[in-house]
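The values are calculated or read from the model by the stated rules, or taken from the named source; none is laboratory data. Everything quoted here is computed from the prediction, not taken from an experiment. Neighbour counts are summed over all protein chains in view; Cβ atoms, including those assigned to glycine, are modelled from backbone coordinates with ideal geometry.
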Amino acid sequence: MRRIARLAVMAALASTPTAADEIADFYRGKQIDLIIGASVGGGYDAYGRLLARHLGNQLPGRPAVVPRNMPGASSNKATSYVYEIAPRDGLTLGVINSGAVLEPLLGDKLAGVDSTRLIYIGNANRETYLCYARAESPVKQFADLFDRQMIVAATAEGGPTHDFPTLLANLLGVKLRIIAGYPGTREISLAVEQGEADGQCGYGWSSLYQAQPHWIAEHKINILAQEALVGHPTMTEMGVPLTISFAKTDAQREIMSLVYGQLAFARPIIAPPGTPPARVAALRQAFMATMRDPALIEDAAKTRLDVNPVSGEEVQETVAKMFALPHDLVERAKQAMVYKTPN
């Protein structure tokens with residue numbers, strides 16, 4: 001009798017689809033829309049398209065993954081779309097900048113978005129941002145900015161190209177004049193090349209190395225400083241200082257540490273709140289498998305992209321901790337991110 005009962009249980013299990021089978025059945029023949037919150041040709045676009053080329057191979061059912069650019073307001077437009085409008089079925093993902101994640105905490109442009117309710121599928125790369133100046137600029141090193149003004153090009157409030165130089169101007173007193181309104185980093189780079197701006201801050205090392213490696217090789221720019229808590233090995237070897245090393249008080253260091261904390265998830269991939277947990281788990285597992293896939297690693301090397309992934313679970317936990325920071329610290333950081341046009 002026991003043997004018969006055991007066989008009956010085994011038969012029942014064999015006839016019940018596994019979770020993997022259910023995921024495969026759902027994704028088979030379907031398309032995932034990958035919403036890229038940046039214009040074509042920049043760093044976020046490059047990471048988004050890299051992911052799109054390989055993610056489907058790691059998901060049960062092997063769905064197509066189609067990148068769609070949705071630039072606007074430094075990823076705020078794409079973030080709002082994923083949070084409020086996109087179907088919550090596991091068929092829409094977003095590639096956004098980390099500033100959009102922190103915007104509800106430090107800004108006022110995403111009032112209807114709760115970043116802790118976004119689903120984080122993973123992060124493609126821990127990042128180090130930098131400030132640079134054209135070689136023709138009289139600003140040759142970061143210390144020069146205390147005496148000489150530099151015009152920097154930027155996208156919009158809420159993005160690192162705007163908020164990071166704002167932070168430096170307000171906290172450290174460096175002379176940075178921000179010209180905002182550029183659609184993305186590709187357009188900013190063109191503006192710098194054409195002399196519309198002297199340089200840029202809040203620019204990822206991986207984006208610079210991917211899009212303009214000749215700038216370094218041909219000495220077209222001077223890298224002034226690293227905007228991060230931990231420097232990138234290449235820039236550190238070049239002797240490029242950390243901006244936080246110029247802080248004069250503990251209060252300044254606390255605020256910079258809060259803002260720079262977002263670089264732990266500088267290239268996040270998100271899904272809408274309410275996405276079914278089983279599909280979230282499958283997407284997270286597929287994301288990490290994709291990031292470790294030799295085919296992606298080879299592809300990333302050809303396109304000069306750093307890949308240093310962080311799991312979705314870790315990003316989710318980090319974001320929750322940042323939104324639970326003391327109110328006083330958050331308010332001081334908010335004030336430090338308000339740009340004041342210099343006289």
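Could you look through segment 121-164, keep only residues that are part of a helix (DSSP H, G or I) and among the aromatic types (Phe, Trp, Tyr), and pick out the one that is surrounded by the most Cβ atoms within 10 Å (Cβ to Cβ)?
Here the answer is 164.
When segment 216-230 is examined, which residues are found to be touching a helix residue (DSSP H, G or I) at 6+ places or on another chain (Cβ under 9 Å) and touching a residue at least 40 places away in the same chain (Cβ under 8 Å)? Full working, then the answer.
Pass one, segment 216-230, residues touching a helix residue (DSSP H, G or I) at 6+ places or on another chain (Cβ under 9 Å): 216, 220-221, 223-230.
Passing the criteria: 220, 221, 223, 224, 225, 226, 227, 228, 230.
Can you pull out every residue in segment 66-94 that is under 15 Å from residue 271 (Cβ atoms), among the hydrophobic types (A, V, I, L, M, F, W, C) and surrounded by fewer than 17 Cβ atoms within 10 Å (Cβ to Cβ)?
Correct list: 85 only.
Considering only segment 165-204, state which residues are assigned to a loop (DSSP other than H, G, I, E, B), modelled with pLDDT of 95 or more and over 26 Å from residue 69 (Cβ atoms).
Listed by number, the residues that qualify are 173, 174, 175, 198.
Determine, yes or no, whether residue 143 is over 25 Å from the mean Cα position of the chain (by Cα) and modelled with pLDDT of 95 or more. Spell out the reasoning first.
Details: over 25 Å from the mean Cα position of the chain (by Cα): yes; modelled with pLDDT of 95 or more: yes.
Judged against the criteria, residue 143 is a match.
Pairs needed: first member in segment 167-192, under 16 Å from residue 145 (Cα atoms); second member anywhere, of a type in the set (S, T, N, Q) and in a helix (DSSP H, G or I); C-beta distance under 7 Å; at least 6 residues apart or different chains.
Close Cβ pairs (under 7 Å, with a partner that is of a type in the set (S, T, N, Q) and in a helix (DSSP H, G or I)) amount to 168/243; 171/252; 178/166.
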